[in-house]
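What follows is a short report on a single structure.
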Protein chains: 4
Amino acid sequence: MGFNEAEKPDLPRIGVGMLGYAFMGRAHSDAYRKLDYMMYPPPAIPDLVAVCGRNKEAVAGMAARFGYKGYYTDWEEMLEDPRIQLFDNVGPNNMHEDPSVRAVEAGVHVLCEKPLARTTEEARHMWDAAVKNNVKHMAAFNYRFVPAVRKARDLIQTGKLGRIYHFRAMYLQDWILPHFHTPLLWRHNKDVSGTGALGDFSHIIDIGHFLLGSRISSVQSTLKTFIPERALMDGSGTGKVDVDDAFASVVEFENGAIGTLEGTRLASGRKNYHVFEVNGEKGSLAWNLERLNELDVQWAEGEPAETRGFQNVLVTESGDPWIENWWPPGHVLGWEHTFIHEIYHLLDCIIYDKEVAPGGATFEDGYNACVVADAMVESSETGRRVDCKY
Amino acid sequence: MGFNEAEKPDLPRIGVGMLGYAFMGRAHSDAYRKLDYMMYPPPAIPDLVAVCGRNKEAVAGMAARFGYKGYYTDWEEMLEDPRIQLFDNVGPNNMHEDPSVRAVEAGVHVLCEKPLARTTEEARHMWDAAVKNNVKHMAAFNYRFVPAVRKARDLIQTGKLGRIYHFRAMYLQDWILPHFHTPLLWRHNKDVSGTGALGDFSHIIDIGHFLLGSRISSVQSTLKTFIPERALMDGSGTGKVDVDDAFASVVEFENGAIGTLEGTRLASGRKNYHVFEVNGEKGSLAWNLERLNELDVQWAEGEPAETRGFQNVLVTESGDPWIENWWPPGHVLGWEHTFIHEIYHLLDCIIYDKEVAPGGATFEDGYNACVVADAMVESSETGRRVDCKY
Amino acid sequence: MGFNEAEKPDLPRIGVGMLGYAFMGRAHSDAYRKLDYMMYPPPAIPDLVAVCGRNKEAVAGMAARFGYKGYYTDWEEMLEDPRIQLFDNVGPNNMHEDPSVRAVEAGVHVLCEKPLARTTEEARHMWDAAVKNNVKHMAAFNYRFVPAVRKARDLIQTGKLGRIYHFRAMYLQDWILPHFHTPLLWRHNKDVSGTGALGDFSHIIDIGHFLLGSRISSVQSTLKTFIPERALMDGSGTGKVDVDDAFASVVEFENGAIGTLEGTRLASGRKNYHVFEVNGEKGSLAWNLERLNELDVQWAEGEPAETRGFQNVLVTESGDPWIENWWPPGHVLGWEHTFIHEIYHLLDCIIYDKEVAPGGATFEDGYNACVVADAMVESSETGRRVDCKY
Amino acid sequence: MGFNEAEKPDLPRIGVGMLGYAFMGRAHSDAYRKLDYMMYPPPAIPDLVAVCGRNKEAVAGMAARFGYKGYYTDWEEMLEDPRIQLFDNVGPNNMHEDPSVRAVEAGVHVLCEKPLARTTEEARHMWDAAVKNNVKHMAAFNYRFVPAVRKARDLIQTGKLGRIYHFRAMYLQDWILPHFHTPLLWRHNKDVSGTGALGDFSHIIDIGHFLLGSRISSVQSTLKTFIPERALMDGSGTGKVDVDDAFASVVEFENGAIGTLEGTRLASGRKNYHVFEVNGEKGSLAWNLERLNELDVQWAEGEPAETRGFQNVLVTESGDPWIENWWPPGHVLGWEHTFIHEIYHLLDCIIYDKEVAPGGATFEDGYNACVVADAMVESSETGRRVDCKY
């Protein structure tokens, strides 16, 4: 009777060091903090060792807020910290290659945000280094970890849709429309980001590979910069946008399916409109990130035949992917849950030496997406159908 | 008091001869019969003079059912009938060129189903002949006559959306999926139909031209035949499908907008899924033929700002295109109404010598769609971005 | 070869006389003209003998426009015209009883718009007279003739949903909102219309009876007049609204199901929003008049279990009710098609002496709806749960 | 340079003791853990002192998992623990009154799950005690803390919708349908739960009060138990269900609006289908818990007039309630976020002595909902319209 002390769960711990602390840094940090009681028991309890950024005040604030033990302002120093076993790279695209390679060479596991790199060459370097150093490596294509998306893949990979004919995907946003007066950001700069909408929305390439279990074999693409000048943030004038505002592509997959991929930052009213549809011999699937708990499913030979149509499936049943960790049916999840599932998966792979793919995306998957993106750039420039040379 | 004889409306009359009597023949015939009391007063009352087809029993049945005065089994004979002032060509694609040209050479106005012809050359021939003979000519791109589509065009053409960045359109059906056991039809035969899904769904090319008021300038396309053999209708074996089951294309418009166009007969669960979305500087529009009374509209700077989103507009208000002829708000129209509006427009142009375009599609528009379709075929074969040579 | 005269279909003919010529008059007239070629062969060809109304100019125009042989300005005279075998009563509610009774006493079949009468007594009188005189009688609850609604009934009546627990229905419109400045109309006057929203939306009572095959046994209701004064049409001041603007009701059915019924003319943005949902032991159904071609269907034990959800069924397949007369899958019907199906059904019952119910609503069904409506008025006034005394 | 220790935020702390550890216990615990870094800076950092439950093993597991310092198996002992400043009562309904009253009498703030109590008398006792002891008290009507719901209230309360005519709400679930073989639970037992669906879905009463800022003044209701026997959990036979499976009600508000409220556990396919619609003089609002990030908004006089319709507003903009703590537009929140906002609000009220209402629900609001629920029970039994005696 009376007060009883709680026992501490006897679980492995893993030290985490993060590079970057913006939007993605907050999302990843939340996942580290939340998975150890919601995805219970976790394979390991994350120790938030340090976060790193150049702006000392900002990074100190981040560390205080999210409970990191401390912070660095130099990533090379952070990577020498022996407490760090997992390096989480949420920096801008030009900070993906070097720090990630340095980490894997130090035997540290790496989670790196997408796009994995600015170019195929950078991505290949990262992948090769990770393989050579035998660490776990993950590209943060977090939409693989939406329950409805995972369910879609499972339905396809178990043959429920039969032969796949079509994959179409869009990622539409609107934040650079003229009336928003969006200034020139690093995302508009080729040196930093590699590409624009194309890299940012490389999710839709990875989702295609993930769902179909087959890579894109060739592309015909057009990239376009509609608004080539933007105001500088400091008000001192304008600067040049040297990446794409939008892209559109016809693709063919190695399994013969054809499709379209499109991304833009200029679709008024579309906020985070990442949608796909797959049409197979035995049915169709459709999904929309803005309603991420739902999967529309149509069975070509569903019974009774007289009531065939697209079913709106709320993917919140106890048997659905990851849902047993959450709530009863109909109690919907949010966007940030993808990171919790993703990082849980990575920890599980690290602790039990499991394969990250295909449940999660590896650096190989990140590389594959870069190959496709580079082929799209080439196709846009030459006008030709370009084969993806993996 | 007592019974009063009704006066006959004193209106011009126009004699109609129709080639073909299948699905489209029924839809056009309904329009001729219905427009004279619903679109009241009509510019002219259609006299259904004759329908023509090779199967005597079938064509006789059609004539009796729809109230044609009689029928022909030879179209050349029908075109010599002096009572015929408007030739309505709803025959298969290989019957478009010759009869239509013959009609215009006889000074008869022509309405021809889409695609206007199997090839650009045929379409050009038809267009040139029509112009030379100074008759009214219309390609039956009937979706120009959906109130919501016309409204979309008006919003764009009056500048409400500002500069247009994106146009994307799909036309998805599923009727050739394996489990339907669809036999080899004329629609699978290149000699008869020219192309497959591409020609059948050329609606989406015309809708792009119509909405944007700008033609497609170049394409990158892939056509694909997924199921190359089909059972013959007589059960004697299988035959070769030599047209496309599906196509996908990236396009650029003369005004700089880019987009995607896709059509397929293999999208399970999609019955008549013709959809488009347009994204402009000041807003977006989206539409779906299966819910044809609705137009989704988003205004980039709509007030109040805190409740911006896509508006689901039920295009059934008295001020909406053609609605004054119909019912109070919310009493929805169906697919067949498009033909009533279309043929009304054509009669109006004939009687009052008005321009068919841009409200309706002329043979020039039909030709333009053929130019794009041919460029898509070429791009698919060569892999190259192909300019549209109008 | 050459021109062949079409044979006239050798079909019975039936003479039609219509009282009223407004909105509903146009819709019914269209049906008479269209059914003989679209619902082919029809059981009889309608002869549009006469239309009747007090305004001579208007009724003469109606007759000319829709092809009536002539017109009357006195309904009693019209009912003496021996050519009239079917009396179609689309007059205001206070013109339902007397003319309809006179017609049935003359051995003329009657189709009468809803609500069948202003009161239960009037409706009973009409029903009794029709039965006594052994004519066909139909209350124009036309939504029984929406393919998706008929399909819903068939699914329920064949036991596919098992025991029914819930029925809920709404009919929401917005045309009397202040900003529309709607003047005082006959629909706001109790003497003419009996009730307001309640009678106008008695559709939702009849649909409940139709779908469940069970009558409402008791009601708890509130009627409300939110805007009690309206401007007179002639601008001479304001007049009193003495009917309900809105009603809400809890109901119980004879089979034990419970539900809610609600109607209003003050739901901003709702134009013709007639919706229902039925929840049964084995599944659920939902429907919306503004998307009348669709039926949402959920099967409690549908397979595969992992993809259960509401299916959006496009009720345009060849096996769906009435669709064989129309178009291929996905080519949607409109609101006015309900009348074509309805009048076809009535003609079929007249010519072949079939039962109008349950496919169509008889005067008995119209009476039943009046009993429920009167119980709602009584419940609203007394505050008590009121049993329906049929 | 090098590693820098993070500073601990210098914030007040508040000791939390929780009674109960099931579904709601997990949701509340997550909120305590997450708010201190996501809703940053929090008004106080929650110290999870203890959780209490009768099953020692289970409660010990809960404490270990969610990081409580320890646990109790006797709630009276827990309430004597001086470290506890906030008592969170997530126990079954029959455990609401006594422990909550004991807590407030000890000067401890209380958050209590809904329904606040089994009866109006219990609720009144709790409210009176809380007021008398001058502590903060909150009834956990968490849907007040959905950003879209809060936005809806703000739109109504600032007069944007003008006079309100209608409020309708439903809460539909399906978990007691026969094919699920749900056994007899405490939720089916009147002694423990008070009522069934009615109490469970009392959310829809509170939402009505919250949105309209006006209380329900009278009700006409029917409660129904469709399935009166259920298997016992131990398989030893069946037991009686003595609460309602479903309820339906017509309501009138003090401000004159009328509406319907309905709840059921027998709506096949509806998982957590809590929806409402409000119709006012100047517009309408609609919302669905299963798509909780969205609010449908219609403006009666929205401009341009030609594109009026329901707008689908994604309530994830930086200016939307609570969103500044989360992610960029379009990155949706989940169900559990409601608790984070709710408990943040309560902590803010405790630390800065602010009013819990109307942003959050107090025990007064919980009492009000009980008054309405009791009136519904009385109306169901007597058949009469029952006034709510607050």
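Using the structure shown, decide if B:Phe210 is of a type in the set (Phe, Trp, Tyr), assigned by TED's automatic domain parsing to the domain that holds B:Val356 and within 30 Å of B:Leu232 (Cβ to Cβ). Answer is no for this residue. So is C:Asn94 over 30 Å from C:Ala300 (Cβ atoms) and either modelled with pLDDT under 95 or assigned to a loop (DSSP other than H, G, I, E, B) (or both) or not? When the stated conditions are applied, C:Asn94 does not pass them. One residue stands out in the stretch B:158-197 among those that are assigned to a strand (DSSP E or B) and within 20 Å of the chain's Cα centre (by Cα): the one that is farthest from B:Asn279 (Cα to Cα), namely B:Leu172. In the stretch B:66-81, the residues that are facing another protein chain (nearest Cβ under 7 Å) form Cβ pairs under 6 Å with partners that are among the β-branched types (Val, Ile, Thr), at six or more places apart or across chains, as follows: B:Tyr68/B:Val51; B:Lys69/B:Val49; B:Tyr71/B:Val51; B:Tyr71/B:Val59. Against the test of being surrounded by fewer than 19 Cβ atoms within 10 Å (Cβ to Cβ) and assigned to a loop (DSSP other than H, G, I, E, B), the options A:Tyr40, A:Tyr21 yield a single qualifying residue, A:Tyr40.
When D:Val135 is tested against the conditions (1) over 23 Å from D:Glu262 (Cα atoms); (2) among the β-branched types (Val, Ile, Thr); (3) assigned by TED's automatic domain parsing to the domain that holds D:Met233, the lone failure is (3). Looking at the stretch B:337-352, can you tell me whether even one residue there is modelled with pLDDT of 95 or more, among the hydrophobic types (A, V, I, L, M, F, W, C) and not in a helix (DSSP H, G or I)? No: the stretch B:337-352 contains no residue that is modelled with pLDDT of 95 or more, among the hydrophobic types (A, V, I, L, M, F, W, C) and not in a helix (DSSP H, G or I). In the condition set (1) facing another protein chain (nearest Cβ under 7 Å); (2) among the small types (Gly, Ala, Ser); (3) farther than 27 Å from A:Glu294 by Cα, D:Gly235 is compliant with all but (1). For the stretch D:276-302, the set of residues classified as within 12 Å of chain A (Cβ to nearest Cβ) and either touching a Cys at 6+ places or on another chain (Cβ under 7 Å) or in a strand (DSSP E or B) (or both) consists of D:Asn288, D:Glu294, listed by residue number. Can you tell me how many residues within the stretch A:353-374 are of a type outside the set (S, T, N, Q), closer than 15 Å to A:Lys114 by Cβ and not in a helix (DSSP H, G or I)? Count: 4.
The residues of the stretch B:253-266 that are closer than 20 Å to A:Ile258 by Cα and facing chain A (nearest Cβ under 9 Å), listed by number, are B:Ile258, B:Gly259, B:Thr260, B:Leu261, B:Glu262, B:Thr264, B:Leu266. Against the conditions (1) more than 19 Å from A:Ala357 (Cα to Cα); (2) in a helix (DSSP H, G or I), A:Ala123 satisfies every one except (1). Taking the stretch C:43-72 as the range and being under 21 Å from C:Gln85 (Cα atoms) and assigned to a loop (DSSP other than H, G, I, E, B) as the test, the residues that pass are C:Pro43, C:Ala44, C:Gly53, C:Gly67, C:Tyr68, C:Lys69. Considering the stretch A:321-333 alone, what residues qualify as being more than 10 Å from chain D (Cβ to nearest Cβ) and without any contact (Cβ under 8 Å) to a residue 60 or more places away in the chain? The one that is more than 10 Å from chain D (Cβ to nearest Cβ) and without any contact (Cβ under 8 Å) to a residue 60 or more places away in the chain: A:Glu324.
Taking the stretch D:233-252 as the search range and keeping residues that are part of a strand (DSSP E or B) and polar (S, T, N, Q), which one is farthest from the chain's Cα centre (by Cα)? My answer is D:Thr238. The requirement of being under 22 Å from the mean Cα position of the chain (by Cα), more than 8 Å from chain D (Cβ to nearest Cβ) and under 13 Å from A:Thr73 (Cβ atoms) is satisfied by A:Gly53.
Scanning the stretch A:371-389 for residues that are farther than 15 Å from B:Gly383 by Cβ and under 20 Å from the mean Cα position of the chain (by Cα) yields A:Val371, A:Val372, A:Ala373, A:Asp374. Taking every residue in the stretch A:298-320 that is outside the structural domain of A:Ala286 (by TED's automatic domain parsing) and pairing it with any residue that is buried (at least 21 other Cβ atoms within 10 Å of the Cβ), at least 6 positions away or on another chain, yields no pair with a Cβ-Cβ distance below 7 Å.
Answer yes or no as to whether B:Lys114 is within 14 Å of the chain's Cα centre (by Cα), part of a loop (DSSP other than H, G, I, E, B) and of a type outside the set (A, V, I, L, M, F, W, C). Against the criterion (within 14 Å of the chain's Cα centre (by Cα), part of a loop (DSSP other than H, G, I, E, B) and of a type outside the set (A, V, I, L, M, F, W, C)), B:Lys114 qualifies. Residues in the stretch C:1-18 that are touching a residue at least 24 places away in the same chain (Cβ under 8 Å) and in a strand (DSSP E or B): C:Arg13, C:Ile14, C:Gly15, C:Val16, C:Gly17, C:Met18. No other residue among A:Glu364, A:Glu342, A:Glu336 is within 11 Å of another protein chain (Cβ to nearest Cβ) and touching a residue at least 40 places away in the same chain (Cβ under 8 Å) apart from A:Glu336.
Checking every residue in the stretch B:166-189 against the condition of being closer than 30 Å to B:Ser318 by Cβ and modelled with pLDDT of 95 or more gives at least one match.
In the set (1) in contact with a Lys or Arg (Cβ under 8 Å, 6 or more places away or on another chain); (2) closer than 24 Å to D:Lys190 by Cα; (3) of a type in the set (Gly, Ala, Ser), D:Ala373 fails one condition alone, (1). Looking at this structure, is B:Gly208 surrounded by fewer than 18 Cβ atoms within 10 Å (Cβ to Cβ) and either at pLDDT below 95 or within 30 Å of D:Ala305 (Cα to Cα) (or both)? It is false that B:Gly208 is surrounded by fewer than 18 Cβ atoms within 10 Å (Cβ to Cβ) and either at pLDDT below 95 or within 30 Å of D:Ala305 (Cα to Cα) (or both). Checked against the criterion of being in contact with a Pro (Cβ under 6 Å, 6 or more places away or on another chain), surrounded by fewer than 24 Cβ atoms within 10 Å (Cβ to Cβ) and at pLDDT 95 or above, the candidates A:Trp326, A:Trp322 yield just one match: A:Trp322. Out of all the residues in the stretch C:181-195, is one or more within 13 Å of chain D (Cβ to nearest Cβ) and either touching an Asp or Glu at 6+ places or on another chain (Cβ under 6 Å) or small (Gly, Ala, Ser) (or both)? No. So which of B:Ala286, B:Ala357 is surrounded by fewer than 24 Cβ atoms within 10 Å (Cβ to Cβ) and within 30 Å of D:Val297 (Cα to Cα)? Just a single option satisfies the conditions, and that option is B:Ala286. If you go through the stretch D:367-390 and keep only what is in contact (Cβ under 8 Å) with a residue 12 or more places away in the chain and either of a type in the set (Gly, Ala, Ser) or on the phi > 0 side of the Ramachandran plot (or both), you end up with D:Ala369, D:Ala373, D:Ala375, D:Ser379, D:Ser380.
Of all the residues in the stretch A:217-232, those that are more than 12 Å from every other protein chain (Cβ to nearest Cβ) and either within 20 Å of the chain's Cα centre (by Cα) or outside any loop (DSSP other than H, G, I, E, B) (or both) number 3.
The values are calculated or read from the model by the stated rules, or taken from the named source; none is laboratory data. Model, not experiment: these values are computed from the prediction. Because the Cβ atoms are built from the backbone with ideal geometry, glycine has one as well, and the counts that use them run over all protein chains shown.
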